[in-house]
Each structure stands twice: as structure tokens, then as C-alpha cells.
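The next block holds one structure in the form of C-alpha cells; read it before the comments.
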Amino acid sequence: MKTLIEHLRILRHTLQRLLLTPNATLLNILIIGIALSLPVGGYVLLKSVQALGSQVAGTPQISVFLASGTSSSEIERIGDKLKQHNAIKRVEFVPRDTALKKLQQSTGLADVIGTLAQNPLPDAFIIYPKDGDVKTLEALRDELKTWPRFEHVQLDSAWMHKLEALLNFGRTAVIILAVLLSFALIAITFNTIRLQILTRREEIEVAKLIGATDAFIRRPFLYFGLAQGLLGGIAAWLLVAGSLLLLNHQVNTLAQFYASNFSLQHLTLSDSLTLLGFSAYLGWLGAWFSVSQHLWQIEPR
């Protein structure tokens, strides 16, 4: 209990020190917020693009064409087996006669098709998988190719590969940006704490003279870095949320022209907590590096 009270006292003292220099504190928080909002904004954009791709492409399908001469009992058995598959959400059987009628209606070649001596189309199953991941779909396609009585298994995955490549490129760019800016934020906190240590040099010397441990002296600076990082994370969240609010107004207007309800996705609760935790950790890490490098150099005279 005593330790908790001591931590709370130091935390209150840290917040008071932040308020003593409002201009410098606000500037540092704003710099951290802007820097963090860049990769976070890129992450939100990628999530929105991924959702848009799924919306435009619709539910992925696998078309399975049966070999000629497949009997009704075999078709029924195959349909039951497909419905019991763990990776398949729904199965739709398309008889060859129904497929021919749809072809006549959609192509406008009813007269030409009507002259055919026999129906050239096979019976088919349209399979709707549970998972839309590219690798999962291709694995399911390859598995179905090994099933008996399946003449051809078709998965139109070209657009998925293009979208996945674009998203992977975007993720890599966001990660690189986040790493570079994280180092920059650690450097900002490092320099801020260094200046504070130099400013409070005499106070630290007196504290060491009366027997204060390094852990006791280090604690306020670590709290200062953590608090500054956390406030920077809050600033980043507000910047991203405000930007999304403004952009979504324009995006919704544009989407109406295409009869779409697309909008940029907001940060989820999990995303928000991750942002705040990560920003607080960066602030603490920068303070720890600074204190570890400069505190040992100060000894009572």
C-alpha cells in the first residue's frame, strides 16, 4: 500500500511538471501525435481498402464441373460430402439444363444454342467457402481437384492475388514508416529527459547525497516519458478520428454516385488501446535510455 501511494505521489508530481511548461509540453505531444497518426492512418486506409475489395468482389466462389456420365446418386453423394466439409459454407447444385437456359438468356445467342444437337454443358456445383483468404481458397481448390468425378475445378483468384499484393505492399510501407517514426519518437523523449536531468542536476546530487537509490531517482523521469507518450497517443487518436470524420463526409457523397455505402473504417477499441499502449511504451523506453545514459554521470560533489 505504501509503495502504491508513493507511485501515485510521483505520478501527480510528474503531471505537475508537465503543466509547468505548457508550451513545450503541448509542442512535444503534438509532434508525437502527428508522427503516430501517419502509420495509424495508413493502417486504417488499408483496412478500408480490404473491406472495399471484399465488398466489390462479393463472396468468393469455386466452380466444380462434373465429369459426363455422373449418375444422380453420385451427384447426391458428392453434394452431401461437400456440405459436410469444414471449409465450405454453402453448396449450390446447377444442373446442366439450367446452366444452358441461363447461357441462352445471358448471351443473346438463343437461336444458335437452340440448334445444338445436345447440351454441351456439364452438371456443376457452386461452392461458397467459409474463409475468403487466398491461400485457404487455393488449398480447398487443390483438394477438390483430387476428388473423383470432378472434371474441372475453377477458382477465379486473379483479382484476389492483385488485391493481396497491393495490401502486402501497403502493410510493409506502414510497418517501415511506423518503425522509423518510433525511433524518432524515442529520440524526442530521450532529448526531453536529458534536458530535464541537466536542469535538475543539483536536486539529483542532493538526493544521492542523502542516500536516494538510482531506482528512486529514475522513477519520476520514467513516469514523465510514459505520460508524454500516452498523451501523444491520445493526440494521434484524436487526429485520426477527426480526419476520418471529415473524409467520410466526402467519401459518402462520392459513394452515393456509385450506389455504394462504402466508408472509411474507424479505429476499433482494440486498435485504440494498442495505439495508446504502444505510444506510452515508446515514451517510457525513450526516458529509460536517457536516464540510463545520463544519470550515472551525476555524482554528489
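The values are calculated or read from the model by the stated rules, or taken from the named source; none is laboratory data. Keep in mind it's a predicted model, so treat the numbers as computed, not measured. Here Cβ is always computed from backbone atoms with ideal geometry, including for glycine, and neighbour counts include all displayed protein chains.
Values as computed for the structure displayed
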| item | result |
| --- | --- |
| Residue in the range 184-198 that is exposed (fewer than 13 other Cβ atoms within 10 Å of the Cβ) and either touching a Pro at 6+ places or on another chain (Cβ under 9 Å) or of a type outside the set (A, V, I, L, M, F, W, C) (or both) present | no |
| Residue satisfying all of: in the range 61-75; among the hydrophobic types (A, V, I, L, M, F, W, C) and within 25 Å of K130 (Cβ to Cβ); surrounded by the fewest Cβ atoms within 10 Å (Cβ to Cβ) among these | I75 |
| In the range 172-194, residue nearest to I29 (Cα to Cα) [restricted to those that are out of contact with any Gly (no Cβ under 9 Å at 6 or more places or on another chain) and not aliphatic (A, V, I, L, M)] | S182 |
| Contacts under 7 angstrom Cβ, first residue in the range 148-177 being within 18 Å of D131 (Cα to Cα), partner at pLDDT 80 or above and not aliphatic (A, V, I, L, M), 6 or more apart | V153/R141; V153/K145; Q154/S63; L155/E138; L155/R141; S157/E138 |
